[in-house]
Structure formats: structure tokens, C-alpha cells
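> What follows is a structure written as C-alpha cells; I'll ask about it next.
Derivation of every value follows stated rules applied to the coordinates shown; laboratory data play no part. All values reported here derive from a predicted model rather than from experimental measurement. Please note: Cβ atoms are built from the backbone with ideal geometry, for glycine as well, and neighbour counts cover all protein chains shown.
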Amino acid sequence: MLPESFPYCFAPLDNLSNYVLRRLIASTLPSGTQMAFFSPAINPSSVIYKKINIRENLPVNPGEILYYNLMHGNPDIIAAGMEKMLELKPAGFNLNCGCSRSKIKKRDMPPVGVALMEHPALVADIIKTAKKNFPDVHFSIKIRAGVKHNLAALFDFCRQAEDAGADAIIFHARSAEDQFKRPARHQLFSELKKHVKVPLIGNGDIINDEQAVLIKEKYELGGIMIGRGALFSPGIFRAIACRLNGNPIPHPVMTQSEIKNFLLDFVNIMDNDFGTAVMLRRTRLLARWLCKSLEFGLTLDGNFHKAKTLKDTISFINDFFEKPKRQYREASL
Ligand SMILES: Cc1cc2nc3c(=O)[nH]c(=O)nc-3n(C[C@H](O)[C@H](O)[C@H](O)COP(=O)(O)O)c2cc1C
């Protein structure tokens, strides 16, 4: 599922892991390194009915290894959506069984996100239907430990998914009830590993290159998925590649000028491709994480909330990175 030479991937992140952010992350990698990416959650019926919201989530960058993260609970709608999405030549598909916003199944609607974990037979049906229609197309699932922690139910869910033909399991080692309030339980990787034969990809609270490589080795995982760690530091995958290749690891992982250019590229492309309103919303979302890794980053984060135009946004970025930080230091005394 993930390239053997680089089994580390960028997680699906709603409103964030669009082609723009993925392209910029890929551009940080040493030349010749190829990694896998996941789209934000896509509702396959939006694809079937060509709704506008897929304009940002559907495109595949040239040469990109992209898995579409599917958010639905109806086997036939998923298969019909896959047929349309295959025209764009993704590397495969991944069923979102982890989104905790959808803990509760809505009346008369199929369960979606983590609610699917309470319906193992339905998930097995989704996988079987996908595999029957597209036998050669990769189909994995992305799960949590459950709505609540229940190891027996987790193992049974994975066994049924595997028997139905799932090609890999991505495991965010938290329950939906945990939210992000408690640390991911990485020791669950070894518990689940005893129960699955397909590659197990570990996910949750993996936030630096050293930890990513150690956890993969320690639990003998098929790969590692990183979400927020790449928003805190978009150069994390480059640092992992350096570590794997035995090259010096850049310290800091990204220089201030690289982060500045990364942000400028992001806002310019987003504004050009989707307009200012979307650019502002996505930039604020990205900044919520990225600014945490910057000294006095809260100032920049706050300024993104004041910005109304591309020009404001660019000048806040330029000011933050070009002006001496002494003024912020004095202001915080
Ligand atoms: C802002 C945000 C958006 C997310 N959107 C999705 C999504 O669309 N589909 C999905 O399967 N998981 C989604 N997730 C969960 C992540 O893919 C990942 O499992 C989780 O953040 C834990 O990994 P991390 O600790 O490396 O961030 C989202 C998480 C965050 C923080």
C-alpha cells in the first residue's frame, strides 16, 4: 500500500489535505522520494452528483500516490462513486471508519465514520462490493479503537474486514470517546498486530521524525500515518527521509525562510484556485497547527483572523518572518 522505500504517509485531514497542501509537502522531499497521501474525506454521492465541494478534494497531483478517503456507509453508493473517481487514477481507496463527529448513527441514514465500527457486517459488505466491482483496486480501512474501547469488538471488526478483502488497516490508536484528550495508546498496535495479517499502518500522536521511525520498527508496522505532526512541521517527511537514508537531519526541520515560503505558496495557490474566502478559511485552519511550532506563532495565528484579503495575508506573513521578534518578546514581558 505504501511505497516500501518510504512507508510513511500524510493523513486524510478534512479541509486541509487537499492537492495544494499535498503538493507543497511533496515539494519538501529529497528528490527521488515518493510517499503516499490521503484525500480529505469525500462523500461518494457528492462525486456521483457532481457537487461543487469536491473541486478541492478530488484532483490528483501529477505522479501522486493518492488514496481517496471515503465517507459513506452504503456499499452501492460507494461502488458507484469509486467508478467515477477511478477516472482520475488514484492509487486506491480507503474507508473512513474513524471520524468521531459521526459517533451516532442518524435515523434512516447509513452509519458513517466511527459509527461504522459498530456495524462490522456492513463494513464487510462495503469491502466485498468494492472488491467484486474493482478486484484489482486497493481498498483499505481507517479505524479507531472503537466508539469506546473494546478490544474484543476491535479484533472481531478487523477479522471481518480482512476476510472481506481489505488490503490494509490504518489504525488510529484511540477511541472516539478519547477525542484528542488523552494520548494515543501505541501499545494497542502490538495487540492488534497479533490479530491481523494485512499490513497495519499506525497512526496517532506521531509528531516527529525520530518517533515515526522508532514506532514503525518497535511495533513492526507496515507503515506510519502522520496528520497533525505534518501540520506542526510540514518538513517532517523530509526529516524521516534523511533519517532513513542516513543523511544529516535538518535542524530545525524547516528553516524560517522555508516556512515563510511554504505559507506564501499555500495562500497564493489557494487564493488563485478557490478564491479569497476559501483561502482565508483554510489558512486559519492550517495556522491553528503550524503556528504552534513557531516562536510567537500565536501572533501570526491571530493576524490570520484579522486578514480580509490576500494582500493582508501576505503582508502578515512577510512581517512576521522579516521583522525582528524582539518586538513580540518585549510585548510579552
Ligand atoms: C483537522 C482534522 C481533520 C481530519 N479529517 C479527517 C478526515 O477527513 N478523514 C479521516 O479519516 N480522518 C480525519 N482526521 C483524523 C486524522 O486523519 C488522524 O487520524 C488523526 O489526526 C490522528 O493522527 P495525528 O495524531 O497524526 O494527527 C482529521 C483530523 C484532524 C485533526
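> Pick from Leu16, Leu214, Leu231: which is most flexible by mean-square fluctuation in a GNM of the chain where alpha carbon atoms under 10 Å apart are linked?
With Cα springs under 10 Å in the chain, the top fluctuation among Leu16, Leu214, Leu231 is at Leu214.
> Another question about this same structure. Quick check: the distance between the Cα centres of region 1-61 and region 90-155, to the nearest angstrom?
19 Å
> For region 23-97, run through the chymotrypsin sites (Phe, Trp or Tyr not before Pro) and keep only the ones in DSSP coil with at most 16 other Cβ atoms within 10 Å of their Cβ.
Details: sites: Phe37, Phe38, Tyr49, Tyr67, Tyr68, Phe93; in loops: Tyr49.
Taking region 23-97 and a limit of 16 other Cβ atoms within 10 Å, the loop chymotrypsin sites (Phe, Trp or Tyr not before Pro) found are Tyr49.
> Please compute the contact order of region 256-332 in relative form: average sequence separation of alpha-carbon pairs under 8 Å and at least six residues apart, divided by the residue count, as a percent. If you can, show how the numbers build up before the last one.
Numbers: 51 pairs, mean separation 25.2, N = 77.
Taking the mean separation of contacting Cα pairs over the length of region 256-332, I get 33 percent.
> What are the GluC sites (Glu not before Pro) within region 157-245 that DSSP puts in a loop, where the Cβ has at most 16 other Cβ atoms within 10 Å?
Working: sites: Glu162, Glu177, Glu191, Glu210, Glu217, Glu220; in loops: Glu177, Glu220.
When the GluC sites (Glu not before Pro) of region 157-245 are filtered for loop state and at most 16 Cβ neighbours within 10 Å, Glu177, Glu220 remain.
> Put +1 on the Cβ of each Lys and Arg and -1 on the Cβ of each Asp and Glu in the chain; which of Met85, Leu286, Asn61 then has its Cα farthest toward the positive end of the dipole?
Result: Leu286.
> Would you compute, from DSSP H runs of 4+ residues alone, the mean residue ellipticity of the chain at 222 nm, taking -39500 (n - 2.57) per run and dividing by the full residue count, rounded to the nearest 500?
Taking each H run of at least 4 residues, the total per residue is -13500 deg cm²/dmol.
> Loop only by DSSP, 10 or fewer other Cβ within 10 Å of the Cβ. Give me the trypsin sites (Lys or Arg not before Pro) in region 1-66 that pass, ordered by residue number.
Lys50
> Follow-up question, since we're still on this one. Just need the relative contact order of the chain here, percent rounded to a whole number, with Cα pairs under 8 Å and 6+ apart.
After rounding, I find 14 percent.
> If you don't mind, there's one more thing I want to ask. Return the inverse of the average 1/r over all pairs of distinct C-alpha atoms in region 256-332, which is the Kirkwood hydrodynamic radius, in Å to one decimal.
One decimal place: 12.5 Å for the Kirkwood radius.
> Run the numbers on region 31-92 and let me know its relative contact order in percent, using alpha-carbon pairs under 8 Å that are six or more apart.
43 percent
> If you don't mind, another one. Once you've got the GNM for the chain with C-alpha springs shorter than 10 Å, pick whichever of Pro135, Pro75, Pro90 has the biggest mean-square fluctuation.
Pro135
> Running a GNM on the chain with Cα contacts under 10 Å, which residue among Gly227, Gly32, Gly165 ends up with the highest mean-square fluctuation?
Gly32
> Follow-up question, since we're still on this one. Please count, across region 1-157, the pairs of lysine residues with Cα atoms under 19 Å apart that sit 8 or more places apart or on different chains.
For region 1-157, qualifying lysine pairs total 15.
> Using the Cα centre of the chain as the reference point, and only Cβ charges (+1 on K/R, -1 on D/E), how large is the resulting charge dipole? Debye, rounded to the nearest 20.
800 debye
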